[in-house]
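The values are calculated or read from the model by the stated rules, or taken from the named source; none is laboratory data. The model shown is predicted, which means the values in this text are computed figures rather than measured ones. Neighbour counts are summed over all protein chains in view; Cβ atoms, including those assigned to glycine, are modelled from backbone coordinates with ideal geometry.
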């Protein structure tokens with residue numbers, strides 16, 4: 001049942017990604033184009049279903065096994081995580097910073113133009129990064145008119161995670177009992193659970209590479225070329241999501257190598273699948289990057305960072321930052337001195353490094369050693385998590401102590417390489433990725449790093465230990481608590497509770513000076529921005545200007561109602577005449593962009609002959625020369641009047 005769901009998800013993903021590129025090529029990226037695609041897919045899907053539909057009794061038996069499984073504590077805890085993530089996704093709009101800054105806006109630009117195109121913007125990420133998640137979200141935005149259901153992409157893939165982890169582990173010679181426990185514990189990793197109800201695009205791509213390797217290993221056993229084709233498509237999809245996933249293709253190739261001879265059985269169809277794989281992979285984006293920038297991936301992002309690392313020092317730097325990111329304690333933000341002192345210490349270390357002979361080697365990292373986030377562990381800064389790291393460390397130590405407790409698996413050099421290769425790919429990741437909080441970008445790699453430890457004979461003894469099982473279940477329960485108390489999507493009445501605590505215990509160390517209210521302010525601030533724009537931007541204005549750089553998290557609100565207007569990004573060097581030629585009357589100015597360019601609001605208004613209409617947040621006395629508001633709404637007047 002799990003395998004059928006995985007195959008269906010790969011086919012749906014392939015359909016949506018390829019449809020995005022094909023419809024763009026014929027200028028039909030709209031409802032009519034997608035309707036034709038879905039009708040053709042429905043006809044083809046119905047034909048395939050009639051040929052391979054399972055017996056009714058088989059389906060009933062599968063569902064019976066699924067429900068019976070959730071009577072045990074570990075699967076039940078996973079079900080709790082699934083339901084909590086579903087609730088958080090339904091209750092809150094997407095709050096992910098990167099998604100709001102460039103990933104969703106670029107989808108709206110494509111839909112507004114009826115095709116993919118190179119967007120004129122100061123944020124180069126809107127053009128040069130992988131867009132697999134975006135092509136999955138495009139039809140949802142187009143047909144629903146809202147971004148509230150985009151979290152279902154992550155939530156759906158989260159359901160598939162435990163089964164795929166179990167299948168991969170057992171195929172890599174991890175004992176079934178050990179794999180069974182770890183399939184649940186691993187799925188409670190923070191980067192997976194916290195992103196399950198979000199619109200982030202880090203963890204959902206783990207399903208693609210897990211499925212790619214699993215189906216490649218199955219193809220070797222079943223001798224079915226269709227499994228190999230699906231494996232190829234899944235491997236292509238994982239690269240199309242993020243460029244940091246590209247090294248994982250080497251792992252897929254190693255897994256699929258013994259089965260590649262199956263391609264000779266149907267060479268024409270195999271060539272077609274290879275072309276389809278290229279279409280849904282990172283290849284189209286890479287070609288566009290080469291055409292517009294001259295490089296495969298421009299690594300110097302203005303206003304964002306320079307990620308051109310020296311490979312050796314990239315490994316050294318990430319050997320420090322990646323473990324530190326994964327070992328951050330939960331709820332550290334409840335102790336303000338912790339993250340303040342840690343970041344102060346990191347600043348001192350960075351300053352010392354810059355004045356040392358090796359300091360220049362770490363300058364290419366984005367905010368090297370700035371590990372903590374004032375809002376605590378969130379979907380944007382979480383790796384696999386402290387709980388899983390501790391659980392794995394205990395399992396390794398205990399397995400070594402009981403290394404003679406169980407028999408060893410039959411030696412298999414090929415499977416041994418499949419367990420070792422991921423660690424080599426980890427070094428490649430570390431040598432090339434110097435971005436801030438890259439522990440979450442490592443999400444597709446984590447599952448493949450464990451089998452080299454879990455295959456040890458003593459792990460069978462560890463899996464039987466009741467205390468270790470209880471510890472793993474406690475780790476899952478902790479993840480559930482983190483979902484409930486998440487600062488992005490809290491599942492408890494935040495304002496009512498802290499209002500009562502402030503009244504009941506005034507001057508408390510935790511809630512003093514509104515600190516707890518500040519922790520939970522981000523989701524309210526985003527909603528406040530959207531409400532301000534919804535109330536003040538004229539609803540019948542067909543085109544809006546948006547002046548921003550790399551901080552434009554409010555653009556998606558400007559497109560409301562979706563499919564009803566267009567938004568044009570305004571660059572700092574754009575002359576006023578260009579704005580009027582495009583038919584722009586109202587412009588929303590990002591205060592952070594003005595601050596970044598060291599430009600006053602008054603100067604912008606005078607240069608563009610604009611009149612200030614409103615600001616957010618509202619202030620009694622607005623200083624247009626010094627202070628900066630978060631948002632300015634201005635009206636372009638006629639310079640001749």
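Determine if segment 560-568 includes at least one residue that is farther than 26 Å from residue 97 by Cβ and touching a strand residue (DSSP E or B) at 6+ places or on another chain (Cβ under 9 Å). Steps first, answer last, please.
Our first condition is that a residue be farther than 26 Å from residue 97 by Cβ; within segment 560-568, this holds for none.
No, that holds for no residue.
What's the total number of residues in segment 553-564 that are assigned to a loop (DSSP other than H, G, I, E, B) and within 18 Å of residue 531 (Cβ to Cβ)? Outline the logic, then answer.
Let us first name the residues in segment 553-564 that are assigned to a loop (DSSP other than H, G, I, E, B), namely 553-554, 559-564.
Narrowing the set further to residues that are within 18 Å of residue 531 (Cβ to Cβ) leaves 553-554, 559-562, 564.
Total meeting the criteria: 7.
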When segment 506-526 is checked residue by residue, the ones that are exposed (fewer than 15 other Cβ atoms within 10 Å of the Cβ), in a helix (DSSP H, G or I) and either modelled with pLDDT of 70 or more or in contact with a helix residue (DSSP H, G or I) (Cβ under 7 Å, 6 or more places away or on another chain) (or both) are 524, 525
Of the candidates 95, 23, 79, the one satisfying the condition of being modelled with pLDDT of 90 or more and within 30 Å of residue 130 (Cα to Cα) is 23
Of (1) modelled with pLDDT of 95 or more; (2) over 20 Å from residue 108 (Cβ atoms), residue 46 fails just (1)
Screening 293, 241, 226, 286 for residues that are touching a helix residue (DSSP H, G or I) at 6+ places or on another chain (Cβ under 9 Å) and over 24 Å from residue 15 (Cβ atoms) leaves only 293
Can we say residue 496 is at pLDDT below 95 and assigned to a helix (DSSP H, G or I)? yes
With criteria (1) out of contact with any strand residue (DSSP E or B) (no Cβ under 9 Å at 6 or more places or on another chain); (2) without any contact (Cβ under 8 Å) to a residue 24 or more places away in the chain; (3) in a loop (DSSP other than H, G, I, E, B), residue 625 comes up short on (2)
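Matching residues to (1) closer than 26 Å to residue 534 by Cβ; (2) assigned to a loop (DSSP other than H, G, I, E, B); (3) at pLDDT 95 or above:
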{"residue": "101", "(1), (2), (3)": "yes, no, no"}
{"residue": "104", "(1), (2), (3)": "yes, no, no"}
{"residue": "112", "(1), (2), (3)": "yes, no, no"}
{"residue": "122", "(1), (2), (3)": "yes, yes, no"}
{"residue": "127", "(1), (2), (3)": "no, no, no"}
{"residue": "134", "(1), (2), (3)": "yes, no, yes"}
{"residue": "143", "(1), (2), (3)": "yes, no, no"}
{"residue": "146", "(1), (2), (3)": "yes, yes, no"}
Counting only residues that are part of a loop (DSSP other than H, G, I, E, B), over 25 Å from residue 254 (Cα atoms) and in contact with a helix residue (DSSP H, G or I) (Cβ under 7 Å, 6 or more places away or on another chain), segment 395-437 contains a total of 6
Within segment 280-297, the residues that are crowded, with 18+ Cβ neighbours inside 10 Å and part of a helix (DSSP H, G or I) are 280, 284, 285, 286, 289
* Asked: Is there a residue in segment 118-130 that is under 16 Å from residue 23 (Cα atoms), in contact (Cβ under 8 Å) with a residue 12 or more places away in the chain, surrounded by fewer than 23 Cβ atoms within 10 Å (Cβ to Cβ) and more than 16 Å from the chain's Cα centre (by Cα)?
  -> yes
Taking segment 1-29 and keeping only residues that are surrounded by fewer than 16 Cβ atoms within 10 Å (Cβ to Cβ) and closer than 22 Å to residue 241 by Cα, one is left with 5, 8, 12, 22, 25
Checked pairs for segment 8-32, first at positive phi, second buried (at least 20 other Cβ atoms within 10 Å of the Cβ) and in a helix (DSSP H, G or I), C-beta under 9 Å and 6 or more apart or across chains, list as 27/33
Could you please let me know if residue 611 is more than 19 Å from residue 555 (Cβ to Cβ) and either modelled with pLDDT under 90 or part of a loop (DSSP other than H, G, I, E, B) (or both)? no
Of the listed residues (447, 503, 477), the one being surrounded by fewer than 18 Cβ atoms within 10 Å (Cβ to Cβ), out of contact with any strand residue (DSSP E or B) (no Cβ under 8 Å at 6 or more places or on another chain) and at pLDDT 95 or above is 477
Residue 550 fails exactly one of (1) at pLDDT 90 or above; (2) buried (at least 17 other Cβ atoms within 10 Å of the Cβ), namely (1)
